[in-house]
Amino acid sequence: MKTIQSEPRIVIIGAGFGGLQAAQSLSNAPVQVLLIDRNNYHLFQPLLYQVATATLSDDDIAYPLRAILREQKNLEFLLANVKQIDLHSQKIITDTDEISYDYLILAPGSETNFYRNESLSQHSFGLKNLQDAHRIRQHLLLQFEKASREMNPDKLKALLTFVVAGGGPTGVEMAGAISELAQVVVKKDYPDLDFQEIRIVLLEATDKLVSHLQTDLSKNTVISLSRKGVEIMFGSKLVDYNGEIIRLDPFQTFPARTLIWTAGVRASGLMDLLGLSQAGQKRIRVLPTLQLPEFSSAYVIGDSAYVENSEGKALPMTAPVAMQQAKHAVRNILANIAGNPLKSFTFQDSGMMATIGRNQAVAQIGKFRFTGWIAWLIWLFVHLIQIIGFRNRLLVLFKWSWEYIFYDRTGRLLEHQAYIKRDMDESNP
Ligand SMILES: Cc1cc2nc3c(=O)[nH]c(=O)nc-3n(C[C@H](O)[C@H](O)[C@H](O)COP(=O)(O)OP(=O)(O)OC[C@H]3O[C@@H](n4cnc5c(N)ncnc54)[C@H](O)[C@@H]3O)c2cc1C
């Protein structure tokens with residue numbers, strides 16, 4: 001690694017929405033930037049569910065960081081896993097190096113939270129990264145394959161029951177996408193399987209889906225999902241899953257071979273190592289300037305940071321929050337270097353949306369609310385322009401158009417990997 005002593009060194013941990021934005025915002029600044037990530041790509045997480053349900057492939061939504069940043073002369077990229085952060089001596093320990101910094105921007109995001117429920121973490125699928133999306137896709141396709149030769153009606157029922165826990169945007173999108181995958185795959189590839197046998201269940205512990213949206217949009221989501229054949233169970237708290245049986249509170253059980261867990265997320269485990277005050281979802285409490293209390297050279301942004309809005313509510317874990325905080329942290333660091341006063345962060349909320357599938361979405365933009373086809377077009381446009389790389393945008397547009405016109409998904413390849421074998425062995429002891 002090159003080291004240039006004369007300019008302040010800013011180390012950024014994480015090249016997700018926040019970290020990448022921070023790095024790019026520093027491109028013309030008289031500083032040395034070191035961007036560290038354990039992956040060599042930037043991942044567009046909002047479309048992960050489409051990789052999981054065979055619409056898109058990995059490299060449609062992931063882009064190599066070195067390619068994104070190759071023109072940025074004041075930046076180095078380090079592929080490494082950060083293991084420890086010593087805020088007192090301003091040092092970072094990775095699996096390969098020990099690195100010192102003048103300023104630190106922590107943007108390691110979040111991870112799935114199984115709330116220490118061992119059986120849940122062992123038998124259900126989270127959806128946070130490409131590995132998760134692969135595992136889900138392989139598992140879903142495998143259930144149809146197994147169902148096609150299952151004679152026992154009870155086992156068939158369990159194979160074709162797909163449960164998604166969590167009625168937030170990811171759960172809603174996932175349930176809608178599984179319903180469409182079933183339509184496409186089963187009807188075309190397994191003509192002998194009865195589509196009516198398929199059960200897609202969305203579990204929500206409260207009485208509302210996508211609760212961050214206005215009530216009418218939330219109700220519209222329920223109607224759209226129901227039309228797609230998704231069974232929504234409100235007030236159903238999942239307490240256990242052993243890979244075979246779903247157990248709910250209030251007491252109810254039913255068999256299912258698939259559980260996708262989108263009901264819990266928490267700040268990156270790196271935050272636990274700092275030994276500082278953590279708020280809900282283990283997010284680190286930062287000052288309004290986004291600095292860590294008592295460690296003014298360190299900033300936390302994105303999913304890992306706990307910041308409240310003017311009404312005292314935690315800002316959501318979303319890409320716009322992470323990106324706006326990134327720009328703000330950079331402005332404050334540069335102000336600090338120049339000896340100017342730092343400013344407090346305020347989030348400019350541009351809206352929220354969720355898609356339920358073909359021609360169906362809900363969107364809340366300022367005081368305007370959209371549903372159905374219009375909302376779906378807005379969703380498509382907003383997501384398309386955010387994907388990094390012209391080639392990727394073009395590919396995604398092509399795949400979406402192909403699926404829309406031909407009701408076909410190209411990504412339904414089953415690989416004969418170890419975990420698939422395990423999955424097969426478990427069900428055929
Ligand atoms: C399935 C899904 C759908 C979503 N849909 C939407 C949506 O529609 N709209 C929206 O606004 N938001 C959505 N989100 C949330 C959004 O993706 C996050 O809020 C956003 O990514 C947070 O940005 P971040 O920079 O804090 O973290 P991330 O973007 O998660 O980036 C964190 C980075 O840190 C790296 N990292 C973590 N730990 C280490 C370590 N120890 N060492 C090195 N590198 C490390 C990771 O590899 C990653 O690249 C979705 C999230 C998911 C999972």
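Here are the numbers for the structure shown:
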| quantity | calculated |
| --- | --- |
| Qualifying residue in the stretch 226-247 (condition: at pLDDT 95 or above and hydroxyl-bearing (Ser, Thr, Tyr)) | yes |
| Positions within the stretch 63-87 being more than 10 Å from the ligand (Cβ to nearest atom) and either small (Gly, Ala, Ser) or out of contact with any strand residue (DSSP E or B) (no Cβ under 8 Å at 6 or more places or on another chain) (or both), in sequence order | ALA67, ARG70, GLU71, LYS73 |
| Qualifying residue in the stretch 104-113 (condition: in a loop (DSSP other than H, G, I, E, B), in contact (Cβ under 8 Å) with a residue 12 or more places away in the chain, more than 18 Å from the chain's Cα centre (by Cα) and surrounded by fewer than 24 Cβ atoms within 10 Å (Cβ to Cβ)) | no |
| Output for the stretch 249-286, where each listed residue is away from the ligand (no atom under 12 Å from the Cβ), crowded, with 21+ Cβ neighbours inside 10 Å and among the polar types (S, T, N, Q) | THR258 |
| Tally of residues being closer than 21 Å to VAL222 by Cβ, out of contact with any helix residue (DSSP H, G or I) (no Cβ under 6 Å at 6 or more places or on another chain) and β-branched (Val, Ile, Thr) across the stretch 184-208 | 2 |
| Tabulated pairs, the stretch 306-332, first without any contact (Cβ under 8 Å) to a residue 12 or more places away in the chain, second buried (at least 16 other Cβ atoms within 10 Å of the Cβ) and not in a helix (DSSP H, G or I), C-beta under 8 angstrom, 6+ apart or interchain | GLU308/LEU315 |
| Any hit, the stretch 210-218, residues being within 23 Å of the chain's Cα centre (by Cα) and part of a helix (DSSP H, G or I) | yes |
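Conditions tested, residue by residue: (1) more than 30 Å from GLY126 (Cα to Cα); (2) in contact with a Ser or Thr (Cβ under 8 Å, 6 or more places away or on another chain).
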position: VAL31; (1), (2): yes, no
position: ASP58; (1), (2): no, no
position: LEU65; (1), (2): no, no
position: ALA80; (1), (2): no, yes
position: ALA107; (1), (2): no, yes
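Table: residues versus (1) within 14 Å of the ligand (Cβ to nearest atom); (2) polar (S, T, N, Q); (3) touching a Lys or Arg at 6+ places or on another chain (Cβ under 9 Å).
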residue	(1), (2), (3)
HIS134	yes, no, no
GLU150	no, no, no
LEU160	no, no, yes
ILE198	no, no, no
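The values are calculated or read from the model by the stated rules, or taken from the named source; none is laboratory data. Every value quoted in this text rests on a predicted model; they were computed, and no experiment measured them. With ideal geometry, Cβ positions are generated from the backbone for all residues, glycine too; neighbour counts draw on all protein chains shown.
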